[in-house]
Amino acid sequence: MLKAVIFDLDGTLLYTIKDITAALNRALAACGLPTHSVEAVQGFVGNGIRDAVRRAVPEGTAEEVQEKVLDLYKEDYREHCAESTVCYPGVRELAAGLDRAGIAQAVLSNKTEATARKVVASFFPDGPFAHVFGRVGDRPLKPDPAAAVPVLEALGCSPSEAAYVGDSGTDMVFARAVGMLPAAAPWGYRSREELAASGAVLMPDGPEDLLKLLLEGNHTW
């Protein structure tokens, strides 16, 4: 029985890529490095911002320069994380429907936890997310299955009682490794083909369809 739904943030609940791109480009420019289009940055994200920076800098860029870009990005994005970001159509209705059904909800992102909480509070001031988890200290990040431990403990459920909703192949691999139901958000940053190839069980047409699929139950994975 499904007791909880855990959501990825970027590309799943919110279209954040314009703010991410702007902050990353300002950090790159400050270090004298080439900048990128929104479309290019969309291909960089998905495994945490450190990996995105590694992909964004020219090949052979010194490690200390990459660290500087990363630090500048974090500082910049923290201040400008909700300027061009928007909520995907139907997502609020999806969350409200799960809430009415008594299903607990949380967010698990590879974003810095303080920034993740700031963004979620900006767009969902009345909930319904009981917990928002992100990167803090040495806490494991997706796709490490250990990243799910604190959120599942906070929700009081086992992996088999939870679904993980995400927009990337990394999210689907993560959900399967943990033992959660892998539910795709194909309206996000990655293709339906990537999500299917990575093990998505639920492949909805949109948030409204995802709500129906999640409430149907009887899923195997």
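Results, tabulated for the structure shown:
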item: Unit charges at the beta carbon, dipole of the chain: most positive-side option, 48, 98, 11; result: 98
item: Rounded to 5, the percent of DSSP beta bridges in the chain classed as antiparallel; result: 10 percent
item: Cross-link reach list, lysines versus residue 212, counting only Cα pairs under 23 Å and skipping chain neighbours closer than eight places; result: 3
item: Descending semi-axes in Å of the chain, equivalent ellipsoid built from Cα gyration tensor; result: 30, 17, 16
item: Amide H contacts under 5 Å for residue 181, placed H, 5+ residues apart; result: 162, 163, 164
item: With DNA, RNA and ligands ignored, accessible area of residue 78 (1.4 Å probe; Å², nearest 10); result: 100 Å²
item: In Hz, Karplus ³J(HN,Hα) per residue of segment 114-130 (6.51, -1.76, 1.60; θ = phi - 60°; x = Gly, Pro); result: 4, 6, 4, 5, 5, 5, 4, 5, 5, 9, 10, x, 9, x, x, 7, 5
item: Cα-only Debye scattering, segment 1-111: base-10 log of I(q)/I(0) at q = 0.10, 0.15, 0.18, 0.22 Å⁻¹; result: -0.35, -0.68, -0.87, -1.15
item: Kirkwood-based Rg to Rh ratio, segment 94-221, C-alpha trace; result: 0.93
item: Long-range HN-HN contacts of residue 135 with modeled amide H, under 5 Å; result: 111, 112, 113
item: Backbone HN-Hα couplings from phi across segment 91-102 [Karplus 6.51/-1.76/1.60, Hz, Gly and Pro as x]; result: 5, 4, 5, 4, 5, 5, x, 5, 4, 4, 7, x
item: For the chain: accessible area per residue (Å², 1.4 Å); result: 44 Å²
item: Within the accessible area of the chain (1.4 Å probe), percent carbon and sulfur; result: 51 percent
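The values are calculated or read from the model by the stated rules, or taken from the named source; none is laboratory data. What you see is a predicted model; the values in this text were computed from it and never measured. Please note: Cβ atoms are built from the backbone with ideal geometry, for glycine as well, and neighbour counts cover all protein chains shown. What goes into the accessible areas is simple: the full protein's heavy atoms, side chains included, and nothing from ligands, DNA or RNA. Shrake-Rupley method; radii C 1.70, N 1.55, O 1.52, S 1.80 Å.
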